[in-house]
Amino acid sequence: MATDSEEQDAALLPGTRRALDHRLAVAQAEGRVPSAVAAVVRDGRTVWTGVRGGEVAEAGGGPEGGGPTPGTQYRIGSITKTLVAVLVMRLRDEGLLDLSDPLGRHLEVPGGPGTPGAAGASGEEVASATVAQLLSHSGGLAAEPRGPWWERTPGDLRPGTADLFGERPVRHPAGRLHHYSNLGYALLGSLVERLRGAPWDEVLREEVLRPLGMERTTPLPEEPYARGWAVHPWADAVLPEPLADTGRMAPAGQLWSTAGDLCRFAAFLSAGDDRVLGAGSLAEMRTPAVAPEASDGDRTYGLGVQLVRSGGRLLAGHTGSMPGFLAAVWTAPDERLASVALLNATAGTAVGGLAADLLTTVAEREPSFPAPWRPRSAADPELLALTGPWYWGPSGVALRLREGRALELVPLGGAGRASRFRPEEDDTWTGLDGYYAGETLRVVRGADGAVSHLDLGTFVFTRHPYDPQAPVPGGVDPRGWRAG
């Protein structure tokens, strides 16, 4: 990870910087936000930071009563959820749980099977929701816990897990649709505590924050930090928002962080870090888990990650809000770009749109250079022999060999099904995306050892269109190809 001084060396062009400064200034002024801090990351380095507002000492939280800096803490709200999701994925990668496990297999749920509690039958439904469904907000759980507005009230109002449940903690059949649930992430935090034997925030600090150098990300604010404000809708006046420790609900939105720390987190979300979570698991988190509603077709959700289409590109990250604060982190991993925005107002500016616009500005004005092509050090002759054209019936595809014995299937002519394939230890490959995601690709050989065909999820691919020498389902007419 680059140091702060190194990060500032990779400067953008002056015109790009001015466009970013202008976009932030407009957001702060027109949104009537006391202060705003934003940043853009390219190739893992912070290449621009912007600060606006905060001339009033109380509104800015700067080191000497002035405006904020990239090191000023803001509350990041639901970006906390993405950090919790990283902890859960670490548990999965270590074999301590499976994403398909019901929550009740690892965590005692009040009212669930074999446990007492007022939740009753609903408790059983909560316990049966899978870890993946909780991560993707598709477990059908209620959006909020019982009691008063949890974001503005002390967590000691709900001291135990049982205190989170209202009369109907389950509102929809599990797996049916996306229904955002703060309650679900409170339970995932409890799951982390149960399997690690330590408070979730301590686990987060040791397993994620310290390895990534996020030393200014904390459960409670540490000076310098911005104060949270509500801005009057019809007058230029502000009202301080309360600062509450939300207790059991903390995994849904408790954390405070800085633009500098979130830039480090964005770089991690883009490329992975084997000390924390590998690129493969992060790519899994970015895979849509539930189809979006028809009215929200440009947005969906993965595993602890929001996905939004903006400026013609798919962004992955998360927005956050708590009383007095708005935050966003977006990444475009294929372009090695990310953006961060932090505001200290309850409402006024679409923070996700601001962060997306900053990223798009850099992408369009200074598009990322592709990594230089380099020849492979060596290629397995048997795999090389598999490359080239194959045919599913009359439809042509090309099989390409990639780094690490990975394969890629690309339709010839541009129309058709494409997919990348991960090599497995049993000499098969597993599809990673598209129609063939999760399907198995096998190389089938004849009695003489020569390759007969490829079997991909029961589809037979041959070297020639409808090759009569291969076991094409339904057979091939013995008269062969003919006119008319």
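Laboratory data are not the source of any read-out in this text; all were calculated from the coordinates shown. In this text, all values refer to a predicted model and were calculated from it rather than measured experimentally. With ideal geometry, Cβ positions are generated from the backbone for all residues, glycine too; neighbour counts draw on all protein chains shown.
Taking 2.2 N^0.38 Å as the expected size of a compact globular protein, what ratio does the Cα radius of gyration of the chain give against it, to two decimals? Spell out each step's value before the answer.
Numbers: Rg = 25.7 Å, N = 484, 2.2 N^0.38 = 23.0 Å.
Expressed relative to 2.2 N^0.38 Å, the Cα Rg reads 1.11.
Positive end of the dipole of the stretch 288-410 (Cβ unit charges, origin at the Cα centre): among Leu326, Ala398, Leu354, the Cα lying farthest that way belongs to Ala398. Axis of helix 182-196 versus longest Cα principal axis of the chain: the two differ by about 80°, to the nearest ten degrees.
Residues Arg365, Arg196, ranked from the fewest to the most other C-beta atoms within 10 Å, line up as Arg365, Arg196.
In the chain, the DSSP-assigned H stretches of four residues or longer account for a calculated mean residue ellipticity at 222 nm of -6500 deg cm²/dmol, using -39500 (n - 2.57) per stretch and the full residue count as denominator. With q set to 0.11 Å⁻¹, the log10 of I(q)/I(0) for the stretch 381-461, from the Debye formula over equal scatterers at the Cα positions, is -0.25. Ranking of Trp330, Trp48 by neighbouring Cβ atoms within 10 Å, starting from the fewest: Trp48, Trp330. Taking the C-alpha atoms only, the angle from helix 79-93 to the longest principal axis of the chain is near 40 degrees. If one takes the longest principal axis of the Cα atoms in the chain, at what angle in degrees, from 0 to 90 and to the nearest 10, does the Cα axis of helix 14-30 lie? It is inclined by approximately 50 degrees. Across the stretch 178-246, the convex hull enclosing all Cα atoms gives 160 Å³ per residue.
Using only side-chain charges placed at the Cβ, +1 for Lys and Arg and -1 for Asp and Glu, the dipole size of the stretch 1-373 relative to its Cα centre rounds to 560 debye.
Among Trp229, Trp373, Trp149, sorting on how many other beta-carbon atoms sit within 10 Å of each Cβ, with the fewest leading, yields Trp373, Trp149, Trp229.
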